Amino acid sequence: MPSLSVFGAQWGDEGKGKIIDLLSDRVDVVVRYQGGANAGHTVVVDGVKWVLHLIPSGILHEGKVNVIATGVAIDPIKLLEEIDGLEERGVSVGPERLRIAANAHVIFEQHKRIDGLSERWKGDGRIGTTGRGIGPAYSDKASRTGLRICDLLDPARCAERLRANLAEKNAVIGKVHGEELLDVEAIVQRYVEIGARLAPFVADTGAELRRAHRDGRRILFEGAQGVMLDIDHGTYPFVTSSNTGPGGIPSGAGVPPHAVGRSIGIAKAYCTRVGEGPFPSEMFGDDADRLRAAGHEYGTTTGRPRRAGSFDAVAVRYCLDLAGAAGWIMTKLDVLSGLGDLKVVTGYRIDGEEFSEYPAHLPSLDGVELITETLPGWTEDAASARTFDALPDAARRYVERVEELVATPIVMVSVGAERDAVIDREPIFGADWPASAPTPEGALS
Ligand code: IMP
């Protein structure tokens, strides 16, 4: 039965928030399955900007159920801030609209503190994390010392496990980093209170999603970050700590692999990256500044200026191939208007060997030489186009050439932040997807 996954096919910040918001009308359920509050999905509705870090963008659509599933590392403080912020702005976020996985791992104060200290410790080798505690929380999950949301709901269990976790973290904070220790009892008390507030939202979301899938409800899986930041398949070690592509859905959402359905990648008409690590098509100096300014390329979560560069067909082809994408959506094409001729990376040459897909088997991209092609730019406005033919000629040629290089159809082009600033090219939903919008049915259970 129908489900769709939307994922980032670059280094994150591809504009997924807007696209997911756009597609939410045609689905019943929107699911986050990995990452945490390191993500920042921006949605503009009627000129009003919304930024969501943990709650799926479907929350802005009445009648949709939104699930924060098992694979997400949940910072419950950020989550409550987000719930309160939405409620204050008139969006109702009751338990019938937001479901939180009982077995998702929790990000605590100690994870955020260690994230920062460990970056400092690494010095020049730092990752450039968002500082949201993502790596340390997933490390605890893998080392079996983490706490899950269900643990927060049981005060005695929460206190016991949290004290044990904090004892080890305080040893690291004090003895390794020489910093002030965290106040164990204050943290325990705070999170027990938070558990009580979250309790109504907590559910066996895996079971609910499997049932929803069996019942033919339409599910949209919302990826955060991008495949080049995938812990296994990205530019390791300069990656995040989860599986960011559709490959992460079965375990992250608790659904069988066949429930994932069709996957659609999202990539900008150029590239950006925040944090450290390889970024072969990076531009510097005035060219980078102009692109950054035109695209407002500053981190949604951290406010950091993003590194900016040309479209890298090698990286995008790899991400789409890995995900088995049926198509992809090119975002922010309008940003390239007036930036002159446009370079596109078509291949990498490393030690004399050419690669048309990102070479995931190499320890690093040191010494990479770029094989590029220069395409004519345009000065006319692309932002007002609502059909492919209405785009400036050179913009159309750019889209077509990039599509050819990446060898996967561009199903939609986005030319602005607003919901209607899109150009449809091919159907996004599969042939089995019902043509009509679903009738809002509310709760999953
Ligand atoms: P972490 O996920 O905070 O551990 O950061 C690891 C790397 O992923 C850093 O380079 C971050 O800048 C990057 N990163 C994490 N989340 C996002 C995102 O939502 N967009 C873009 N980059 C991200």
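Some points to look at:
- Spacing of the modelled spin labels on residue 296 and residue 420, each 7 Å from Cα toward Cβ, amounts to 1.9 nm.
- Projected onto their three principal axes, the Cα atoms of region 316-425 cover extents of 44, 31, 21 Å, largest first.
- Shape category assigned to the chain from the gyration tensor of Cα positions, a/c cut at 1.5: oblate
- With contacts taken as Cα pairs under 8 Å at a separation of at least 6 residues, the chain carries a relative contact order of 21 percent.
- Share of pairwise Cα separations in region 55-120, more than 18 Å, in percent: 43 percent
- Mean accessible surface per residue for the chain, computed with a 1.4 Å probe while every protein chain stays in place, in Å²: 39 Å²
- Rounded if a/c under 1.5, otherwise prolate or oblate - region 188-327, Cα gyration tensor axes: oblate
- Note that region 385-398 has calculated 3J(HN,Hα) couplings of 5, 10, 10, 4, 5, 7, 6, x, 3, 5, 5, 4, 5, 4 Hz, one per residue in order, obtained from phi through the Karplus relation 6.51 cos²θ - 1.76 cosθ + 1.60 (θ = phi - 60°); glycine and proline are x.
- Counting only DSSP beta bridges with both residues in the chain, the antiparallel share comes to about 40 percent.
- Per atom type, region 285-351 shows carbon and sulfur on 44% of its accessible surface, probed at 1.4 Å.
- Exposure of residue 319 as accessible area (Å², to 10), given a probe of 1.4 Å and all protein chains: 0 Å²
- Gained length - residue 383 relative to residue 365, 0.36 nm times residue gap less alpha-carbon distance: 3.0 nm
- In whole percents, the pair-distance distribution calculated for region 257-397 from its alpha-carbon pairs, binned every 10 Å from zero, is 10, 36, 37, 15, 2.
- Restraint check, 16/343; 18/122; 16/112; 49/112; 18/169, Cα-Cα greater than 32 Å: 18/122; 18/169
- Taken over the Cα atoms of region 1-113, the convex hull encloses 119 Å³ per residue.
- Carbon plus sulfur fraction of accessible area for region 105-201, probe 1.4 Å, in percent: 53 percent
- Nonpolar atom fraction for region 354-445, defined as the carbon and sulfur part of the 1.4 Å probe accessible area, stands at 50 percent.
- When the residues 384, 281 are ordered by accessible surface, computed with a 1.4 Å probe over the protein chains alone, the sequence from largest down reads 384, 281.
- 222 nm mean residue ellipticity, helices alone, for the chain (DSSP H n ≥ 4; -39,500 (n - 2.57); rounded to 500): -8500 deg cm²/dmol
- Alpha-carbon centroids, region 232-262 and region 49-114: separation in whole Å: 20 Å
- Semi-axis lengths, Å, region 105-201, gyration tensor of Cα atoms, sqrt of 5 times eigenvalues: 24, 15, 11
- Largest GNM mean-square fluctuation across 112, 49, 64, computed for the chain with C-alpha springs under 10 Å, falls on 49.
- Extension gain, residue 177 back to residue 153 (0.36 nm per residue minus Cα-Cα distance, nm): 5.5 nm
- For residue 435 and residue 349, a Förster radius of 35 Å and the Cβ-Cβ distance give a FRET efficiency of 0.15, rounded to the nearest 0.05.
The values are calculated or read from the model by the stated rules, or taken from the named source; none is laboratory data. This structure is a prediction, so every number in the text was calculated from the model and none was measured. Reconstructed Cβ throughout: ideal geometry from the backbone, glycine too, with neighbour counts over all protein chains shown. Surface accessibility is based on the protein's heavy atoms, side chains included, excluding ligands, DNA and RNA. Shrake-Rupley method; radii C 1.70, N 1.55, O 1.52, S 1.80 Å.
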